[in-house]
Every structure is written in C-alpha cells, then in structure tokens.
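The values are calculated or read from the model by the stated rules, or taken from the named source; none is laboratory data. As the structure is a prediction and not an experimental result, all values here were calculated from the model. Ideal geometry is used to build each Cβ from the backbone, glycine not excepted, and the neighbour counts take in all protein chains shown. Please note that ligands, DNA and RNA were not included when accessible areas were found on the heavy atoms of the full protein model with its side chains. Shrake-Rupley method; radii C 1.70, N 1.55, O 1.52, S 1.80 Å.
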Amino acid sequence: MPDRFPAILVSKDGDEAQKVEQVELGLDDLMDGDVVVDVSHSTVNYKDGLAITGKAPVVRRWPMVPGIDFAGTVASSADPDFKPGDAVILNGWGVGEVHYGGYAGKARVKGGWLIHKPDGLTGAQAMTIGTAGYTAMLCVMALERQGVTPDQGPIIVTGAAGGVGSVAIAILARLGYEVLASTGRPEEADYLKGLGAADIVAREDLSGKPRPLNKERFAGGVDAVGSTTLANVLSMTRYGGAVAACGLAGGMDLPSSVMPFILRGVSLLGVDSVMAPRARRIEAYDRLVRDLDHDKLAAMTTTIDLAGVPQAGADIVAGKVRGRVLVEVGG
Ligand code: NDP
C-alpha cells in the first residue's frame with residue numbers, strides 16, 4: 001500500500017450541510033492508535049448510512065472517515081498481541097463515529113479494538129458478514145442464552161430483507177429454527193425463503209397500534225426495527241419467550257406496556273455490538289464460521305468500491321438495500 005491512500009471523508013463547516021467526498025490521505029492524517037492496518041474490505045451498515053447522509057448524529061468528531069467496521073492486514077504494531085501480516089477484523093468501538101474508520105486504505109486503531117480473523121473466513125467474507133451480520137449472531141446467541149430452542153416454535157425476524165435480518169434468517173434456519181420473515185418488501189419473498197424463511201409476515205401485520213397483549217404467535221424474535229414493530233412483536237410473543245432487540249430502523253421509541261413481561265414472562269434482550277466484550281466477539285465470529293451458509297451469504301451481497309459508498313449510504317437509509325453491501329477498499 002503506497003504512502004498516500006484513498007479515503008471517504010465527511011466534513012462540515014459550521015452550520016453548512018455536511019459534505020461527502022473521496023480524498024487522499026497519508027499516515028500522518030490518521031488518528032492515534034498502536035496498530036496500523038492495511039484495510040482490504042469494509043461494508044455499508046445502516047449506521048454508516050446515517051453517518052454519510054447526516055440523517056442522525058452518528059459522526060461526533062469532524063471531519064470523519066466513516067466506516068464502522070473493516071478487515072485487513074496489520075502493517076505495523078506496537079501492541080504485542082498483533083504483528084505485521086496478521087489478518088484482523090474490527091467492529092465498532094466508535095470507529096467511523098469519533099475515530100477514523102474503514103473507508104480508507106489504512107486505519108490506525110487501538111490493538112484492543114481488533115480481533116484476529118478466524119481462519120475459516122476470508123477478509124471479504126468477514127466484511128460481507130460485517131457489523132450487521134455479527135450483530136445478527138449476537139442476537140441469536142442472546143436467544144440461546146435465554147433458553148430459546150428450535151422445538152419451542154417460530155422465531156420472527158423483523159427488517160428481514162436488511163443486513164441484520166437477512167443474516168439472522170440464514171443463521172436461525174441453519175440451526176433448525178422455523179423462521180418467519182417480516183418485511184415491507186413483499187417482492188423479496190423468494191429471496192427471504194431462499195435464505196431459509198419458512199413464511200413471510202407483512203410489515204403491516206406488526207405496525208398497527210400495539211395492544212398490550214395479542215394472540216401468542218412467536219417463541220422468540222430478532223428485532224432490527226424497534227418502535228411499534230417491536231411493541232407488536234412483544235405482544236405476540238408466547239409465554240416464556242424472548243426477543244433480542246438490536247435496531248431502530250423504524251424508530252427509537254417503544255410504545256409497549258409491561259404486560260408481556262409480567263403476564264407472559266416474556267424477556268426483552270438488549271443487544272449491542274459496539275462495546276461488546278472481546279470474548280463475545282471472538283465467540284460470535286467463530287460461530288459465524290460454523291453456523292452460516294457462506295454461499296447464502298454471497299448470494300445476499302452486492303460488491304462496490306469506495307466511490308460507490310456515498311450512494312450506498314443514501315440507499316440503505318432509504319430502505320432500498322437488500323442484504324449486505326461489501327466495500328472493496330484496498331488490495
Ligand atoms: P438495513 O437498512 O440493511 O435493514 C433495516 C431493515 O429494516 C430494512 O431493510 C427494512 O426491512 C426495515 N425497515 C426500514 N425502515 C423501516 C420502517 N420505517 N419500518 C419498518 N421496517 C423498516 O439495516 P441493518 O440491517 O444494517 O441494521 C438494522 C438496524 O439494526 C438499524 O437500526 C441499525 O442501526 C441496527 N444495528 C444495531 C447494532 C447494535 O449494535 N445494536 C449493530 C448493527 C445494526 P424490510 O425491507 O425487509 O421491511
């Protein structure tokens with residue numbers, strides 16, 4: 001990788017609308033850290049879309065190289081856990097929000113934020129999974145820890161055709177769960193069934209005014225949408241079931257009541273990927289090697305280069321992206 005490298009930069013002067021452009025940076029432009037990584041791949045997650053479009057205050061330090069995750073090879077390291085040539089993955093820790101992120105040929109970060117890439121994945125596969133897919137696995141692991149098993153009944157996945165939803169469906173189906181895919185895009189039914197969904201639930205079925213309790217339909221859920229959708233899912237979760245909540249694509253409110261919790265013993269499991277402890281990250285990626293069909297992963301992926309990032313960021317916030325977007329950054 002040459003001394004100068006391409007990067008996507010978002011900047012803002014005073015009250016001006018934010019600007020997104022492709023620039024060239026050098027190592028001296030990067031922020032503090034003890035490991036320099038040659039970035040090979042990144043992805044476009046929903047949060048990256050928010051950072052690129054400015055639709056929500058994801059970027060909290062200006063200017064910023066967005067990209068909340070990346071895979072690459074260690075170029076230099078002052079951290080004894082990493083040496084040049086090591087293949088690494090980064091998800092979260094404020095990268096792409098307050099620390100220069102994955103949409104650049106090089107990144108300088110803290111070694112404690114990195115994990116070694118498992119042997120069973122290429123860098124491209126790791127970022128095809130990306131933060132959305134790794135979060136989907138964290139959701140599945142949360143349901144498992146709560147004792148949700150395939151014999152208990154169907155699992156609802158909301159925001160199904162998006163990144164978290166698509167990967168959650170593929171994992172749950174492979175683990176033997178009956179998966180119901182909730183989508184606002186009925187034209188994606190074949191895609192969702194191809195990933196392993198047993199049936200489709202229309203978005204409208206879960207977006208009406210939530211009742212405190214409704215007919216018991218689901219043994220569990222993975223929710224990427226929040227708001228009335230999550231409230232409806234909770235009201236329809238069977239006695240003793242659990243819902244892993246990770247997203248807010250439909251809104252950050254939760255117009256629910258305590259009734260599902262106190263009358264049906266339903267559990268609401270919060271899932272955060274950004275500050276998740278390292279051991280859980282390593283477990284999640286090891287599980288992703290085993291419990292995800294990588295052909296299905298490839299089939300749900302669109303590949304772009306850095307120049308395509310601004311448009312893909314706008315598309316994901318507009319709900320137009322299906323599955324995952326892989327960004328080829330460097331060699
Ligand atoms: P995507 O944009 O790929 O998917 C979101 C999906 O939600 C869309 O595809 C759409 O699914 C559905 N959706 C969008 N808008 C609405 C709406 N207004 N009402 C109902 N459904 C809607 O995003 P990701 O999958 O990457 O991320 C999903 C959510 O998870 C985001 O809010 C993201 O910020 C969050 N997230 C949280 C993480 C954490 O650490 N907690 C980590 C990663 C993501 P369909 O078209 O099928 O209806």
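Structure summary
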{"item": "Which numbered condition T229 misses (of (1) part of a helix (DSSP H, G or I); (2) touching a Lys or Arg at 6+ places or on another chain (Cβ under 8 Å); (3) away from the ligand (no atom under 12 Å from the Cβ))", "result": "(3)"}
{"item": "Some residue of segment 243-263 being part of a strand (DSSP E or B) and open to solvent by 70 Å² or more (accessible area, probe 1.4 Å)", "result": "no"}
{"item": "Meets criteria (surrounded by fewer than 20 Cβ atoms within 10 Å (Cβ to Cβ) and aliphatic (A, V, I, L, M)) for V98", "result": "yes"}
{"item": "Tally, over segment 265-298, of residues that are assigned to a helix (DSSP H, G or I) and closer than 30 Å to F5 by Cα", "result": "6"}
{"item": "Residue check for G319: outside the structural domain of G176 (by TED's automatic domain parsing), open to solvent by 20 Å² or more (accessible area, probe 1.4 Å) and under 28 Å from M236 (Cβ atoms)", "result": "yes"}
{"item": "Some residue of segment 207-218 being part of a loop (DSSP other than H, G, I, E, B), loosely packed, with under 15 Cβ neighbours inside 10 Å, small (G, A, S) and not assigned by TED's automatic domain parsing to the domain that holds R322", "result": "yes"}
{"item": "Residue identified as more than 18 Å from A142 (Cβ to Cβ) and within 8 Å of the ligand (Cβ to nearest atom) among G196, G165, G159, G184", "result": "G184"}
{"item": "Close pairs (6 angstrom Cβ cut-off, 6 or more residues apart or separate chains): more than 17 Å from V222 (Cβ to Cβ) and among the basic types (K, R) in segment 175-198, within 13 Å of the ligand (Cβ to nearest atom) and open to solvent by less than 30 Å² (accessible area, probe 1.4 Å) anywhere", "result": "R185/A161"}
{"item": "Which listed residue is touching a residue at least 12 places away in the same chain (Cβ under 8 Å) and touching a Ser or Thr at 6+ places or on another chain (Cβ under 6 Å), from T128, T73", "result": "T128"}
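Listed here are the residues, each with its yes/no results for (1) within 15 Å of the ligand (Cβ to nearest atom); (2) buried (at least 19 other Cβ atoms within 10 Å of the Cβ); (3) free of Cβ contacts under 8 Å to residues at least 40 places away in the same chain; (4) not polar (S, T, N, Q).
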| site | (1), (2), (3), (4) |
| --- | --- |
| D34 | no, no, no, yes |
| S42 | yes, yes, no, no |
| G49 | yes, yes, no, yes |
| V65 | no, yes, no, yes |
